[in-house]
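Report on one structure; see the data block that follows.
Every number in this text was worked out from the coordinates using simple rules, so none of it is lab data. Quick caveat: nothing in here was measured; it's all calculated off a predicted structure. Quick reminder, even Gly has a Cβ in these numbers, built from the backbone with ideal geometry, and neighbours come from all protein chains shown.
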Amino acid sequence: MFIINCPFCGEREQSEFKAGGEAHIERPKQPTELSDDEWAEYLFMRKNIKGIQFERWNHMHGCRKWFNMARDTSNDEIKAIYKIGEKPPIK
Amino acid sequence: MSKNLRVKSSKFVDETYRVSFKFNGSRYYGYKGDTLASALLANNIHLVGRSFKYHRPRGIMTSGSEEPNAIVQLHNNSDRTEPNVRATEVEIYEGLEASSQNCWPSVNFDIGGINNLLSPLLPAGFYYKTFMWPASFWEKYEYFIRKSAGLGKSPTTPDPDIYEHEYIHCDVLIVGAGISGIMAAKTAAKNGLKTILVDEKPNLGGSTVYQSSEHFKINNQNSGSWLEKEINEIKKIDNLDIRIRTSVAAFHGYNFLLARENLTDHLPIEQRKNKTRQKLLKIRAKKVITATGSLERPLIFDNNDRPGILLSSAIKRYADLFGVACGEKNIFLTNNDSAYETAISLIQKGIKVEAIVDNREEIESKLLYEIEKNNVKVFKGFTIVNTHGYKKINKVSLMKLSKDGQKVIGSKIDLSCDCLGVSGGWTPAVHLFTQSGGKLKFREEDQVFIPSKYSSDQISIGACNGDLALEDIIKNTPKYLKEFLNIKKTDYDNVEIFSSENKSKRNIWLLPSDKILGKTKSFVDYQNDATAKDIKLALREGFRSIEHVKRYTTTGMGTDQGKLGNMHALGIISETAGTKMGEHGTTTFRPPYTPLTFGTIVGRNVGEYFDIFRKTPMHEWHLKNKAEFENVGQWKRAWYYPKNNENMFEAVQRESRAARESAGILDASTLGKIDIQGTDASEFLNRVYTNAWSKLNVGKCRYGLMLNEDGMVYDDGVTTRLAENHYIMTTTTGGAANVLGKLEDYLQTEWPELDVYLTSVTDHFATISVCGPNSKKIISNVIPDLDLTDENFPHMSFKNAKIGKINCRVMRISFTGEHSYEINIQANYANSVWEKCMDEGKDFNITPYGTETMHLLRAEKGFIIVGQDTDATMTPIDLQMDWIVGKKKYDFIGKRSLYRSDTIKDDRKQLVGLLTDNPNEILEEGAQIVADINKSPIEMLGHVTSSYYSPNLKKSIALGVVRGGKNMMGKKLIIPMENKTINVTVADPVFLDKENKRLNA
């Protein structure tokens, strides 16, 4: 179980959080103008890589805030935590 | 047979305290401090079990948690019975009862032993190969195979014991209290760190604490005495928490470890009452020091599994720690110095050592000289090729090893014995280290895997780090500790060590035999009866990956997880495949390191504490009025209120009629309620619901449908505009938390520009729903000041009101199709208002109804229940609810998905009404719907989602989803059941009051 440093509350146990999938996938501003394929790309396609993955997390049983995390999926090392709307501090 | 082999008293066993216990029904005696294994051996009992596949007689092999053979059932046929317990770990207590497993009728005469003779017919993968065909026969085979599978018997009654979970945070956790663990604990604790030391055994000090040989000295004392003083010292340190009988089961990432602490298993049963039996420790450590030691390796030769064959280190432990001789004529087979240590120990205690068979040709060791001084014959460069004796070893055959160790040469020598100690060197116990994500490296010189890369703030020290010899431990441990704990000095920086041990070793994974391999039974995994032959067969059949060979041969898949033989399996694979050991890696070590009881895993979360349950403010009233309850999420909801021995059907029929004929009352408090405020609240609702919200006037209510981005219905409910920038949304009971989470997600991540605030108020307000043609009269008495005329208070509107001094919100909304009011009131006043409604409704036969009647009434109206009539594949169009989709709206969650190529198909499953040809026939929910029963295979068109007998329509009604159902109005379909087929007609899902006249009645 990870220790996650919530940007609003500080370090807490993983059990207080919920993972929310890949980060930095912006909801299209004009969905109606997208083709089926373009919409499907937004709707369904997600990365699942070995290495550093950018993810959304929610402090569900705490402040309820969403934030971003860069996590190395090969060893679960959390490389960075940053707020929604911010650019990833690492590559 | 019952001979006393207690040869010497030991300070670790209390000989003034005799303990009687039963094994396989016979009474025996041991002493306090004995394990079941040491007590049995003291009574000269080796045969304790039968092997899994061939039912071969098996004895005690080890003295610890790695034991593969001596697994027993405790307290058979009692509520405390426990299978698969290692006799080597059970501490005996007065009244202990243990019995052998996997044998019938008895361990001495086991019918299954025939499998041993049939073994040429039972190769690796036998079951996979044999029971493949004909495929239809599997069900017949399965019955017999299942019977012979599994070890031991599960208890059949509830566990009478108490279990707990404990959370611990510490600076340093040390796993293992052998010599290196003790050194680490003292060093960490003396430097002011909050330290925890755990060990699975009941006493501290590992295998050094009983080392009394003159050949191992620390600071000029024998190493056992030196360590004992250290132990006495650390017991006095305040900031050191020592937990004995505590086995670390799992080492997870971020230094999170799970351990099982055993508190009462060593006590007589009558002393265990009201005490916690076991604790699951959830430990979060800043730093972890793993000092789990090493496990001695057996050697792989023909018939290496007979009772009386033990690890050399186990024989030493039984002699030194318990004063027990495992045999009176001992022989050792070894490839290193360890067996000599044991032999010297035995000789000191007057136990006879016949011979030592050493694989090594040239041995330079002080231990060897001492052995030879005692006139023990040492066969150098020899190996054992066979053993004899069915239920107990009585003879070994030796032969000379060739120079390359691949063959045996010369003639066979037979030696008689009653005990054989084997030592194949040592395997560092790296299980926990690899569980934590650590990477191993292979050390060629002595063929061991040792820790290489750590995944968290931790180190391995001592034997588990590859420091197998005492002098290496003493030399290296202080150095490691200083660096890891970032300190300048330890108490051990200048400790002097004297050791006679020679570290040389001649490693041969599979010892050669004079027979061909196919004729031998050289066991690699004792518990699962996997032999060297099986592993080679797997390789011949094309298996290459170690993980595949493991599963095919079942090597390492027993309750001991192959702690003894896995290294040999790897060795044999790499030798046969001609690859390097390091390249294969190991199989994955998974938690738990030793088995956990279910009790420990669940802790206190049993019975009524299994899950929390939520009660509405009227819960006591429902109880008093004999309600039956149903679980909805975590809520207990009143299901129906049986009167005068009514069954559920009768109660629901009565409640349903009452609600339509006069008045019904429902506790709807469990509906999710979300308070929405902010200047952009209307825009927000526009985006999350399918229909338009900006034009909803203050004081009005509207039903909304919420989708996922994939267009599928997610939740529904009525939302009321309380003020210009203030709404209250209701959600389904089960969906409340998820809806809030989803809305927060969009607000925080996609639309942070919106000024909207969400607050869950589900628990703050209770909801009382009064419906039926007389509801208006009742409410006018409950709230006399409220103008209930249709002009002032029409359907789908809301009023603030007061009941006495209590503020409440009254909505005129309806889930039943009847004229209906919902009173939302602060939770702590709710029960009194409920009772007032009951009082005022008395003259109108106001009838409390539960969720079942609610479901029936809404089904008559064709209202859906999200999650019952929908799953995650239904769009609003599929539900024939096109009217709620705001086609002119620019966007809302899921809009784009409603015209994907898949969602616009005509033959999607669509919601329809179903009427049975026989109006008294009630369909089963979940039943399949088909058109043509003669087609093979029958094409499934859909299924029944809701089905009831409507007392108001006096016929059976149902909702279902049917492929292309929208265009099937009036079509006949078939519902095939087990014993009959039911004919139905597709109908409009609205069965009652299509014109909605009742709403204003």
Packing-based ranking, highest mean first, of B:631-637, B:776-782 given that Cβ atoms within 10 Å are counted | B:776-782, B:631-637
R0 = 35 Å: FRET efficiency of A:I25 with B:H726, Cβ-based, nearest 0.05?
-> 0.60
Averaged across the residues of B:886-895, what count of C-beta atoms belonging to other chains lies within 10 Å of each residue's C-beta?
-> 2
For chain A, the Cα-Cα pair-distance distribution in 10 Å bins from 0, as whole percents, is 16, 44, 29, 11, 1
Counting other chain Cβ atoms within 10 Å of each Cβ in B:740-748 and taking the mean gives 3
Would you list which lysines come within 21 Å of B:K282, measuring only between C-alpha atoms, while excluding same-chain residues fewer than 8 positions from it?
-> A:K18, B:K194, B:K201
Using only alpha carbon pairs under 8 Å that are at least six residues apart, calculate the relative contact order of chain B and give it in whole percent.
-> 9
Sort the following peptides by mean Cβ neighbour count (other Cβ atoms within 10 Å, averaged over residues), highest first: B:100-107, B:270-277.
-> B:100-107, B:270-277
Using the Cα atoms of the stretch B:515-589 to build a convex hull, what is its mean projected area in square nanometres?
-> 4.6
In the structure displayed, which of B:K316/B:K533; B:K329/B:K373; B:K53/B:K412 lie more than 20 Å apart, Cα to Cα?
-> B:K316/B:K533; B:K53/B:K412
For the stretch B:33-124, listing chymotrypsin sites (Phe, Trp or Tyr not before Pro) in a DSSP loop whose Cβ sees at most 13 other Cβ atoms within 10 Å gives B:F109
Please grab the % of Cα pairs in the stretch B:811-901 that end up more than 17 Å from each other.
-> 67
Just the number, please: Stokes-Einstein D of chain B in µm²/s, Kirkwood Rh from C-alpha pairs, 4 °C, 1.567 mPa s.
-> 38
Volume per residue (Å³) of the convex hull spanned by the alpha carbons of the stretch B:898-1000 is 122
Per residue convex hull volume, Cα atoms of the stretch B:666-849, in Å³ = 115
To the nearest whole number, what is the average tally of beta carbon atoms from other chains within 10 Å of the beta carbons of peptide B:249-256?
-> 3
For the stretch B:223-288, using Cα atoms only, the Rg and Dmax in Å read 15.3, 41
Tell me which aspartates and glutamates have Cα within less than 17 Å of A:K29's Cα, excluding those fewer than 8 residues away on the same chain?
-> A:D37, A:E38, A:E41, B:E683, B:E709, B:D710, B:D745, B:E750, B:E753, B:D891
Above-threshold pairs, the threshold being 32 Å between Cα atoms, out of B:K700/B:K842; A:K50/B:K286; B:K802/B:K994; B:K636/B:K802; A:K83/B:K700; A:K79/B:K742 = B:K802/B:K994; A:K83/B:K700
On the formula 1/(1 + (r/R0)^6), with r taken between the Cβ atoms of B:D79 and B:D763 and R0 of 45 Å, the FRET efficiency rounded to 0.05 is 0.70
Shape parameters for the protein assembly as shown, alpha-carbon atoms, Rg then Dmax in Å | 37.1, 115
Set of lysines with alpha-carbon distance to B:K972 below 20 Å, sequence-local pairs under 8 removed | B:K909, B:K935, B:K955, B:K980
Going by average Cβ neighbours within 10 Å, how do the peptides B:485-497, B:361-373 rank, with the highest at the top?
-> B:361-373, B:485-497
Would you mind telling me which residue in A:F44, A:F17, A:F54 has the biggest mean-square fluctuation in a Gaussian network model of chain A, where springs connect alpha carbons within a distance under 10 angstrom?
-> A:F44
A correct Stokes-Einstein calculation for the stretch A:3-49, using the alpha-carbon Kirkwood radius, 20 °C and 1.002 mPa s, returns a whole-number D in µm² s⁻¹ of 160
